[in-house]
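Notes for the one structure printed next.
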Amino acid sequence: MRIRPGRVANAIRREISNIIQEDLKDPRIGFTTITKVEVTPDLRNAKVYYTVFGEGKKRKSTEIALKNATGFIKGLIGDRLRLKFTPEIIFKVDKSHEYREKIDKILERIHKEKK
């Protein structure tokens, strides 16, 4: 029974990626990648993690645009995936890439100091 939330999460990730590329015409949305979707076991909520290529201003405008388009995106997902309940979508910035870069810089500095 634990397989279904994973399959639903993958389907939602694919659909939201397609929706952002093909259906959203909002110029505030930058080059956005959906990195991960976590769905609750009851399939009622979905946390959608994304990254945006660009500086802070572009990231903030993308965040606002995605939050404004949440209802539209949820409606399209409901139409396309035909689930009994369409999950509530919560967009979250995926900061793992930034964290990884920070750790790499620290390790690089430590390596240089040892030499």
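Computed from the coordinates by the stated procedures, all read-outs in this text should not be read as laboratory data. Predicted, not measured: the structure shown is a model, and the values here were computed from it.
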Worksheet, complete the sentence: GNM of the chain, Cα pairs under 10 angstrom: of L43, L66, L83, the biggest fluctuation goes to L83
Worksheet entry | Cα gyration tensor category, rounded, prolate or oblate, for the chain with a/c compared to 1.5 | oblate
Worksheet, complete the sentence: Under 5 Å from the placed amide H of K36, counting only residues 5+ away or on other chains, we find Y49
Worksheet item: Quick one: Karplus J couplings for the range 32-37, per residue in order, coefficients 6.51, -1.76, 1.60, θ = phi - 60°, nearest Hz, x for Gly and Pro?
Response: 10, 10, 7, 8, 6, 10
Fill in: Phi to ³J(HN,Hα) by Karplus 6.51 cos²θ - 1.76 cosθ + 1.60 over the range 56-62, Hz, x for Gly, Pro
x, 5, 5, 5, 5, 5, 5
Response to the item:
Sequence order, the range 82-87: Karplus ³J(HN,Hα) from phi using 6.51 cos²θ - 1.76 cosθ + 1.60, θ = phi - 60°, Hz rounded, Gly and Pro as x, gives 6, 8, 4, 10, 7, x
